[in-house]
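Asker: Okay, here's the structure, questions in a sec.
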Amino acid sequence: MEVIDILSRWTHIGTAVVIIGGSVFLRFVIYPIVSKLPEDQHLALRSAIISRWKMFVHVGILLFLVSGFYNYIKAMPDREGQKIYHMLIGTKMLLAFGLFFLSSLLVGRSGLAEKVRTRMAYWQTVGIVLGAIIIGISGYVKVAVPAKPPAQTTSATEVQATTSSAVDSQPANNQATPVEPTRSE
Ligand code: HEM
């Protein structure tokens, strides 16, 4: 249904705007300020930011997955046999899973998450670069790998309408030609 297709696209692109935009803001605006604070204030502010941002990351991953796979399933019929399309979207999915894992670690509570956060700025930059590559692949696919035009399906009614209009526009050969009146001498 067209409404769901539009909603899914809106959700997908909107999520990319919020998550990647938010990550750029955190890395290049918030981080340089917070990292200059005394250690205890730095850690307190960082954990407050993480506990709020975490919700955006988790909901974002869910929205990416639902809208992304919906988009992919809907695109299938027009992309049949287009190896390059499936290859690029497959690569994009792998990178996206990498990004989801990294983003979860940056807001997570495990030992590995704590370790990753000791190089916060570095891993945030890696995430942003991954996001930029993913957006690049998505845009390239959209612009440079055009979908095949949908197969023409003509309904029986359309066939009938076409045939009858074609018949109507034919010169009426089968009509009786007016016969010149013959003069009798
Ligand atoms: C497993 C996760 C994902 C899947 C399955 C997925 C799948 C898709 C599909 C099938 C499209 C439509 C491509 C087309 O035929 O035109 C698309 C578009 C798009 N995706 Fe994703 N995606 C995922 C994650 C992401 C992520 C993490 C980002 C951002 C970092 C992203 C950004 C975009 C953008 C910006 C578009 C629109 C491209 C355009 O129309 O110009 N996607 N995605």
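The values are calculated or read from the model by the stated rules, or taken from the named source; none is laboratory data. Only a predicted model underlies this, so the values are computations on that prediction, with no experimental measurement involved. No Cβ is skipped: glycine too gets one built from the backbone with ideal geometry, and neighbour counts run over all protein chains shown.
Asker: Could you tell me whether any residue of region 104-123 is in contact (Cβ under 8 Å) with a residue 24 or more places away in the chain, out of contact with any strand residue (DSSP E or B) (no Cβ under 8 Å at 6 or more places or on another chain) and within 12 Å of the ligand (Cβ to nearest atom)?
Answerer: Looking for residues that are in contact (Cβ under 8 Å) with a residue 24 or more places away in the chain, out of contact with any strand residue (DSSP E or B) (no Cβ under 8 Å at 6 or more places or on another chain) and within 12 Å of the ligand (Cβ to nearest atom), one finds none in region 104-123, hence no.
Asker: Right, another one. Given the criterion in contact with a helix residue (DSSP H, G or I) (Cβ under 7 Å, 6 or more places away or on another chain), exposed (fewer than 10 other Cβ atoms within 10 Å of the Cβ) and at pLDDT below 75, identify the matching residue among P150, P178. Before the answer, list the steps.
Answerer: On the way: P178 fails: in contact with a helix residue (DSSP H, G or I) (Cβ under 7 Å, 6 or more places away or on another chain).
None of the other options fit; the residue is P150.
Asker: Here is a further query. If we scan region 54-62, do we find a residue that is surrounded by fewer than 16 Cβ atoms within 10 Å (Cβ to Cβ), within 12 Å of the ligand (Cβ to nearest atom) and at negative phi?
Answerer: First, the residues of region 54-62 that are surrounded by fewer than 16 Cβ atoms within 10 Å (Cβ to Cβ): 55, 58-59, 62.
Remaining after also requiring within 12 Å of the ligand (Cβ to nearest atom): 62.
Narrowing further to those that are at negative phi: 62.
Yes, that holds for at least one residue.
Asker: Answer yes if at least one residue in region 76-85 is exposed (fewer than 15 other Cβ atoms within 10 Å of the Cβ), touching a residue at least 40 places away in the same chain (Cβ under 8 Å), touching a helix residue (DSSP H, G or I) at 6+ places or on another chain (Cβ under 8 Å) and not aliphatic (A, V, I, L, M), and no otherwise.
Answerer: Within region 76-85, not a single residue is exposed (fewer than 15 other Cβ atoms within 10 Å of the Cβ), touching a residue at least 40 places away in the same chain (Cβ under 8 Å), touching a helix residue (DSSP H, G or I) at 6+ places or on another chain (Cβ under 8 Å) and not aliphatic (A, V, I, L, M).
Asker: Identify, from the list K74, K92, K54, K115, the residue that is assigned to a helix (DSSP H, G or I) and in contact with an Asp or Glu (Cβ under 7 Å, 6 or more places away or on another chain).
Answerer: Numbers: K92 fails: in contact with an Asp or Glu (Cβ under 7 Å, 6 or more places away or on another chain); K54 fails: in contact with an Asp or Glu (Cβ under 7 Å, 6 or more places away or on another chain); K115 fails: in contact with an Asp or Glu (Cβ under 7 Å, 6 or more places away or on another chain).
Answer to the check: K74.
Asker: Something else about it: I need every pair where a residue in region 16-29 that is modelled with pLDDT of 95 or more has its Cβ under 6 Å from the Cβ of a residue that is more than 10 Å from the ligand (Cβ to nearest atom), sequence separation at least 6 or different chains.
Answerer: From region 16-29, the pairs are R27/Q124.
Asker: Considering only region 1-53, how many residues are within 16 Å of the ligand (Cβ to nearest atom), over 18 Å from V116 (Cα atoms) and among the charged types (D, E, K, R)?
Answerer: 3
Asker: Let me ask you something else. Quick check on my filter: what residues within region 89-103 are exposed (fewer than 14 other Cβ atoms within 10 Å of the Cβ) and near the ligand (Cβ under 7 Å from one of its atoms)?
Answerer: Correct list: F97 only.
Asker: Return the residue satisfying two criteria in turn: it lies in region 1-15 and is free of Cβ contacts under 8 Å to residues at least 12 places away in the same chain and either of a type in the set (V, I, T) or loosely packed, with under 11 Cβ neighbours inside 10 Å (or both), and of such residues it is farthest from V129 (Cα to Cα).
Answerer: Among those that are free of Cβ contacts under 8 Å to residues at least 12 places away in the same chain and either of a type in the set (V, I, T) or loosely packed, with under 11 Cβ neighbours inside 10 Å (or both), it is M1.
Asker: If you scan region 63-74, which residues turn out to be among the hydroxyl-bearing types (S, T, Y), in contact (Cβ under 8 Å) with a residue 24 or more places away in the chain and near the ligand (Cβ under 8 Å from one of its atoms)? It would help to see each step written out before you state the result.
Answerer: Here is the first cut: in region 63-74, the ones among the hydroxyl-bearing types (S, T, Y) are 67, 70, 72.
Checking the rest, the ones that are also in contact (Cβ under 8 Å) with a residue 24 or more places away in the chain come to 67, 70.
Of everything in region 63-74, just one residue is among the hydroxyl-bearing types (S, T, Y), in contact (Cβ under 8 Å) with a residue 24 or more places away in the chain and near the ligand (Cβ under 8 Å from one of its atoms), namely S67.
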